[in-house]
Amino acid sequence: MEVKAKEIRKLTIDAIGYLGVGHIGGALSVIEVLTLLYYRHMDVSPEDPKKKERDKLVLSKGHAGPALYSVLADKGFFPQEWLHTLNKGGTRLPSHCDMNRTPGIDMTTGSLGQGISAAIGLVLANRLDKTEKKVYLIIGDGESNEGQIWEGAMAAAHYKLNNLIAFTDHNKMQIDGYVHEIMNIEDLDAKWNAFGWFVQRVNGHSFEDMDMAVERAKKEIYRPSMIILDTIKGKGAFFAERQLDNHNMNVNYETAQEACRLLDRGN
Amino acid sequence: MNQLEMRAVYAQTLIELAEKDERIVLLEADLMKASGTTVFKNLFPERTFNMGVAEANMVGVAAGLSAGGKIPFADTFGCFASRRAYDQFFISANYARLNVKLTGTDPGVASEYNGGTHMPFEDLGIMRNIPGLVVFEPCDPVSLKKLVQQSAYHTGCTYMRLHRKSVTIVYPEDEEFELGKGKVLKDGTDVTLIACGAVMVAEALKAWEILNSEGISVAVIDMHTIKPIDTGLIMQYAEKTGGFVTCENHQTINGLGSAVAETLAENCPTWLKRVGVNDEFGEVGTLDYLKERFGLTAQNIAAQTKELLKKK
């Protein structure tokens, strides 16, 4: 898993670096969770991306699309060369996830807060179809400022959507600064608990911790799950990690390549 | 509830669709009683989702149900369907190329005692801006039933304005409809009245009687689909009558009048007057009071028509 995550991280840094600008901070903080889901937990078929019976992922923080594209390319949903078309005119890999352009994307996102509602709808549709397939949802901590997140929190618990397994990428930063300074969302655990969710909080860069949390979430029989991931924004790119301006930043391609080399050397 | 009420027809139509197609599901936002769809819930409890007073989430969940292969109908007052859940409808439903059927009830003055906060005079304009969206407003039970049936199997999202209560019957039971194709209710040669919705189609027909009795030859068109607008029919009547009065329970800005004006200006510049709300907010009152207050009456349509004929 660690080796795979390093490959995914390098592909992501390379793609954003090749373009020269992008949402690198919030893409790099979700590399591990995406790797864990797509390589250990999710039942998906690259040769048949729209297969009816499958697990689905809603990346509600749609701007982390480049991280997911790296996973999907590596899994074979589309050729890896596509990664260098990121955000270029006519590309099939736009900044924010688009289910109509990119094979393997299960829901169009980009307007923050909306993914939770879509994920709820997907779970309700599965329930009508009598399938126990999971819907995974990733929201951001800054995104948790949105009122729609909490409308969805209420509804998912009300409908007892145990097949909804959500993650908050809690990288502690949003565009204008630290989350606790711009719009404090703590006590996040208590909030999701109060809304009736099964809440766990783990290191979002630890496969072992996240894997155990997902396994526990899968055993829930009536509550939706929220797994709060303590993460580092810009994780693994020396020029971006923990930088307050890393939400959407210019990235020199040589610097990006240097970051990839450093990852290879284990730094 | 009166069986002739539009909401009863709406619910019955959804029930008939749902009996044949298990993909049909219904979402409400704590207005199920107002929408008249409790009967649907009683028959299909597992396919009915009351999302509480949370319209943004309701529309987003509808989009998710659509992404999961369902055909969701989502109802709320038109003010909330358009203004409050617009971004969700725009992005999660329309931009995502999904298949959400959104119904905004109590259009314009039909909000009556709920007043200005609940009185959408702008929803047609808001919705007309969404690429590819079908926007329509049936005027009677027959057109409601037939157009809802079509919208269910239209590939893509739709927005419907639904007058909930009893209305004037305009069409015989066996009348057929096509989304995007207006209906000629009366033929004439001097001027064309183009109306949409229960309030204004009825008023336009009353105006026809007034004008006809005065020897003016008036055509009346029910333009139930505001988008895509029936350009061919408008051009045909531009040639035939050379003048139009549009009649809408909505602002004259960005609604039916604007759609007709755009069509005429680009294809065949023709005299036009727009009867509708003139850049004002709504207020409380009875339907009759509000129709008078905002000039949504046969008398005003007739007066505006005569003004237009002076110019021709």
Volume per residue of the C-alpha convex hull in chain B, rounded to whole Å³: 117
Neighbouring partner chain Cβ atoms per residue of B:123-133, average, 10 Å criterion: 0
Residue among B:P141, A:S60, B:T37 farthest towards the positive dipole end of the protein assembly as shown, charges placed on Cβ: A:S60
Residue-averaged [θ]222 nm for chain A, counting only DSSP H segments that reach four residues, each worth -39500 (n - 2.57): -11500 deg cm²/dmol
Degrees separating the helix B:55-67 axis from the principal Cα axis of chain B, which is the longest one: 70
The stretch B:128-222 - share of DSSP beta bridges that are antiparallel (%, nearest 5): 35
Other protein chain Cβ atoms within 10 Å, averaged over every residue that makes up B:81-93: 3
Among A:114-120, B:132-138, the order from most to least packed when residues are scored by Cβ within 10 Å on average: A:114-120, B:132-138
Cα centroid of the stretch B:20-89 to Cα centroid of the stretch A:79-136, whole Å: 22
Principal-axis tilt of helix B:256-267 within chain B, Cα atoms, nearest 10 degrees: 60
Mean Cβ count within 10 Å, highest first, over the residues of peptides A:217-224, B:85-92, B:25-32, B:236-243: B:85-92, B:25-32, B:236-243, A:217-224
Amide H partners (placed H, <5 Å) of B:R274, local residues excluded: B:T246
Rounded to 5, percent antiparallel among DSSP beta bridges of the protein assembly as shown: 15
Percent antiparallel among DSSP beta bridges (both partners in the stretch B:183-311, rounded to 5): 15
Placed amide H near B:T103: partners under 5 Å, 5+ positions off or other chain: B:A74, B:D75, B:T76, B:M160
Magnitude of the charge dipole, the stretch B:1-105, Cβ model with Lys/Arg +1 and Asp/Glu -1, debye to 20: 180
0 to 90° range, to nearest 10: angle between helix B:141-152 axis and chain B longest Cα axis: 50
Per-residue HN-Hα couplings for the stretch B:283-300 [Karplus 6.51, -1.76, 1.60; θ = phi - 60°; Hz; x = Gly/Pro]: 7, 7, x, 6, 4, 5, 4, 5, 4, 5, 4, 9, x, 9, 10, 4, 4, 5
Dipole moment magnitude, nearest 20 debye, the stretch A:126-240 about Cα centre, only Lys, Arg, Asp, Glu C-beta charged: 540
Restraint check, A:K61/A:K233; B:K41/B:K183; A:K51/B:K20; B:K33/B:K227, Cα-Cα greater than 23 Å: B:K41/B:K183; A:K51/B:K20; B:K33/B:K227
Neighbour-limited loop hits for trypsin sites (Lys or Arg not before Pro), the stretch A:55-95 (at most 16 other Cβ within 10 Å; DSSP other than H, G, I, E, B): A:K88, A:R92
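Say R0 is 51 Å: what FRET efficiency, to the nearest 0.05, do A:Q80 and B:I169 get from their beta-carbon distance? Numbers along the way, then the final one.
On the way: r = 63 Å, r/R0 = 1.23.
About 0.20, to the nearest 0.05.
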Test item: A:150-163 mean partner chain Cβ contacts at 10 Å: 3
The protein assembly as shown, dipole about Cα centre (Lys/Arg Cβ +1, Asp/Glu Cβ -1), debye to the nearest 20: 660
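None of the figures in this text is laboratory data; all of them are computed from the coordinates on show. Source: prediction; values computed, not measured. Glycine gets a Cβ as well: all are built from the backbone with ideal geometry, and neighbour counts include every protein chain shown.
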